[in-house]
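Notes follow the structure.
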Amino acid sequence: MIASIQPSLFARMVTLRRDLHRHPELSWEEHRTTARVISELERLDLPYRRSLETGVVAEIEGPPGVPAVALRADLDALPIQEETALEFASVVPGVMHACGHDAHTAILVGAAEILAGSDEPLPAPVRLIFQPAEELGSGAKAMVEAGALDGVGAIFGGHVDRPFPTATAVAVEGTVNASTDAFRIAIRGQQGHAARPHETVDAVVVGSLIVMAVQTIVSREIDPTHPSVLSIGRFDAGSASNVIAGTAELAGTIRAQEPDVRSHLRRSITRICESVGQLHEAQVELEIEEGTPPLVNQGPMVAVARAAAASALGPDRVRYTVRSANMGGEDFSWYLQEIPGCYVRLGARLPGSASYPAHSSRFEIDENVLASGAAWLAEVARQGGRAMATGNGDPAHAGSVR
Ligand SMILES: [Zn+2]
Ligand SMILES: [Zn+2]
């Protein structure tokens, strides 16, 4: 164990994390996980309320009139069949904690125990947010709409991350996760005999043209120094080798780091769909499903997150930059649309093991991140609270309760 937390607390966090790992639940189905969190909150004697069926919000008391500092964990697992050899591997077929949200939940419970058990009074109340459905990008938004941020002045959270050594924290200023929008394109042409193409409108040809044309949006329309991705992951069409398909369906995702790039991608894909449809007299319908906004760390809370990491883990254990942008999404961005805060990466590299990324069936983390994560989260609650109480947070929010 690297960070200085009590061995007995660390052991409890490991037990909790392993229990959650063994019993993973998909997004919006986190009933057992929620019950497990509630039993921990009851053990710590902390008031809580359920939110959205499978979410929980709890409070650690602080001085009145000061906005709370929120700490957030996500609860859900992924539809992946686990292939690790861990003795606490998932017992649920086809479901696995392959993103480390089991660790996030245990870390937040651990931080709550540190804060609730401390003799030193808190500078601000602490709101604990256990959120469902991060993997669908919809949990955080629903929690915000259900009032999870009422009375909160700043929010912090972290994600375990294997590329970085354990007991390091990476707190980057600026965009750290991309926006994620899904889209679906339905093409309707005219089905017919494969030997009589002149009597048909071939949905495969129309779809193929769209696939190729949208590749030029990122490569030829967007400034290459502003990262973005447009990927089509699904192309369904046709029924037989001698039948020209009358319909086709494509589905894909749009990722961008900046709002104007995001809207440019959406505009261009719309334009291309309309134009290619017209070109071939096919009906082309595009549906864009708005996902999470880009996650942008900005304002004074970035410095607070870094200072807390320096106190909890040591000044040499804090990184300010990363080599490349993360084009994955993270729905913590919904909270940062509302209030200031910071989202960090918590190093969890497993020494000597082959590296399997998050969302893989062999994903594993170094459990010592439970200690470093909880130490950082407890410290950032204090330092964030102090910034709130003294008005050194965002001037737009400090000193007032929303
Ligand atoms: Zn994930
Ligand atoms: Zn995740």
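The values are calculated or read from the model by the stated rules, or taken from the named source; none is laboratory data. These numbers were taken from a predicted model, which means no experiment stands behind them. Because the Cβ atoms are built from the backbone with ideal geometry, glycine has one as well, and the counts that use them run over all protein chains shown. Side chains included, ligands, DNA and RNA excluded: accessible areas come from the protein's heavy atoms. Shrake-Rupley method; radii C 1.70, N 1.55, O 1.52, S 1.80 Å.
Listed residues ASP76, ASP102; which is part of a loop (DSSP other than H, G, I, E, B) and surrounded by 24 or more Cβ atoms within 10 Å (Cβ to Cβ)?
Details: ASP102 fails: part of a loop (DSSP other than H, G, I, E, B).
Answer to the selection: ASP76.
If I filter the stretch 165-179 for residues that are open to solvent by 20 Å² or more (accessible area, probe 1.4 Å) and closer than 30 Å to GLN278 by Cβ, do I get at least one hit?
The answer is no, given that none of the residues of the stretch 165-179 is open to solvent by 20 Å² or more (accessible area, probe 1.4 Å) and closer than 30 Å to GLN278 by Cβ.
I need a count of the residues in the stretch 356-372 that are closer than 19 Å to GLY314 by Cβ and either more than 16 Å from ligand 1 (Cβ to nearest atom) or out of contact with any strand residue (DSSP E or B) (no Cβ under 9 Å at 6 or more places or on another chain) (or both). Working first, answer last.
Taking the stretch 356-372 and keeping what is closer than 19 Å to GLY314 by Cβ, we get 366, 368-372.
Among the residues that remain, those that are also either more than 16 Å from ligand 1 (Cβ to nearest atom) or out of contact with any strand residue (DSSP E or B) (no Cβ under 9 Å at 6 or more places or on another chain) (or both) are: 366, 368, 370-372.
Residues meeting the conditions: 5.
Just a yes or no: is a residue in the stretch 269-278 touching a Gly at 6+ places or on another chain (Cβ under 7 Å) and at pLDDT 95 or above? If you could, list the steps in order and put the result at the bottom.
Restricting attention to the stretch 269-278, the residues satisfying the condition of being touching a Gly at 6+ places or on another chain (Cβ under 7 Å) are none.
Looking through the stretch 269-278, none of the residues is touching a Gly at 6+ places or on another chain (Cβ under 7 Å) and at pLDDT 95 or above.
Every residue in the stretch 343-355 that is surrounded by fewer than 23 Cβ atoms within 10 Å (Cβ to Cβ), in a loop (DSSP other than H, G, I, E, B), touching a residue at least 12 places away in the same chain (Cβ under 8 Å) and touching a Lys or Arg at 6+ places or on another chain (Cβ under 9 Å), please. Break it down into steps so the answer makes sense when it comes.
Taking the stretch 343-355 and keeping what is surrounded by fewer than 23 Cβ atoms within 10 Å (Cβ to Cβ), we get 345, 349-355.
Now drop any that are not in a loop (DSSP other than H, G, I, E, B), which leaves 349-355.
Filter once more, keeping what is touching a residue at least 12 places away in the same chain (Cβ under 8 Å): 349-351, 355.
Answer for the stretch 343-355, where residues must be surrounded by fewer than 23 Cβ atoms within 10 Å (Cβ to Cβ), in a loop (DSSP other than H, G, I, E, B), touching a residue at least 12 places away in the same chain (Cβ under 8 Å) and touching a Lys or Arg at 6+ places or on another chain (Cβ under 9 Å): ARG349, LEU350, SER355.
Go through (1) open to solvent by 50 Å² or more (accessible area, probe 1.4 Å); (2) charged (D, E, K, R); (3) within 16 Å of ligand 1 (Cβ to nearest atom); (4) within 18 Å of SER361 (Cβ to Cβ) for GLU29 and report which single condition fails.
Tallying (1) open to solvent by 50 Å² or more (accessible area, probe 1.4 Å); (2) charged (D, E, K, R); (3) within 16 Å of ligand 1 (Cβ to nearest atom); (4) within 18 Å of SER361 (Cβ to Cβ), GLU29 fails exactly one: (4).
If you take the residues in the stretch 32-53 that are part of a helix (DSSP H, G or I), open to solvent by 20 Å² or more (accessible area, probe 1.4 Å) and not acidic (Asp, Glu), which one is nearest to LEU9 (Cα to Cα)? Can you show your working first?
Step one: filter the stretch 32-53 for residues part of a helix (DSSP H, G or I), giving 32-43.
Still in the running and open to solvent by 20 Å² or more (accessible area, probe 1.4 Å): 32, 35-36, 39-40, 42-43.
Among the residues that remain, those that are also not acidic (Asp, Glu) are: 32, 35-36, 39, 43.
On the way: ARG32: 22, ALA35: 20, ARG36: 16, SER39: 16, ARG43: 13 Å.
Per the criteria, the residue is ARG43.
Residue-wise test of (1) of a type in the set (S, T, N, Q); (2) part of a strand (DSSP E or B); (3) over 30 Å from ALA142 (Cβ atoms).
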| site | (1), (2), (3) |
| --- | --- |
| THR253 | yes, yes, no |
| SER263 | yes, no, no |
| ARG267 | no, no, no |
| GLU274 | no, no, yes |
| GLY277 | no, no, yes |
| GLU285 | no, yes, no |
| ILE288 | no, yes, no |
| ALA310 | no, no, yes |
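Quick check on the stretch 302-317. Is at least one of its residues free of Cβ contacts under 8 Å to residues at least 60 places away in the same chain and of a type in the set (S, T, N, Q)?
No: the stretch 302-317 contains no residue that is free of Cβ contacts under 8 Å to residues at least 60 places away in the same chain and of a type in the set (S, T, N, Q).
Looking at the stretch 105-125, which of its residues are open to solvent by less than 10 Å² (accessible area, probe 1.4 Å) and either part of a loop (DSSP other than H, G, I, E, B) or within 16 Å of ligand 2 (Cβ to nearest atom) (or both)?
Within the stretch 105-125, THR105, ALA106, ILE107, LEU108, ALA124 qualify.
Just the residues that are crowded, with 20+ Cβ neighbours inside 10 Å, more than 12 Å from ligand 2 (Cβ to nearest atom), under 12 Å from ARG362 (Cβ atoms) and under 19 Å from the mean Cα position of the chain (by Cα), please, taken from the stretch 79-99.
MET96
Tell me, yes or no, whether the stretch 34-57 has at least one residue that is over 28 Å from VAL152 (Cα atoms) and either within 16 Å of ligand 2 (Cβ to nearest atom) or small (Gly, Ala, Ser) (or both). Full working, then the answer.
We begin by selecting, within the stretch 34-57, every residue over 28 Å from VAL152 (Cα atoms); these are none.
No.
Condition (residue is within 16 Å of ligand 2 (Cβ to nearest atom), open to solvent by 30 Å² or more (accessible area, probe 1.4 Å) and among the acidic types (Asp, Glu)) applied to the stretch 126-143: is it met by at least one residue?
Yes.
Of these, GLY174, GLY137, which one is at pLDDT below 95 and within 16 Å of ligand 1 (Cβ to nearest atom)?
Going through GLY174, GLY137 in turn, just one is at pLDDT below 95 and within 16 Å of ligand 1 (Cβ to nearest atom): GLY137.
Yes or no: VAL369 within 16 Å of ligand 2 (Cβ to nearest atom) and either in the same structural domain as ILE155 (by TED's automatic domain parsing) or of a type outside the set (Asp, Glu) (or both)? Before the answer, list the steps.
Working: within 16 Å of ligand 2 (Cβ to nearest atom): yes; either in the same structural domain as ILE155 (by TED's automatic domain parsing) or of a type outside the set (Asp, Glu) (or both): yes.
Criteria met by VAL369.
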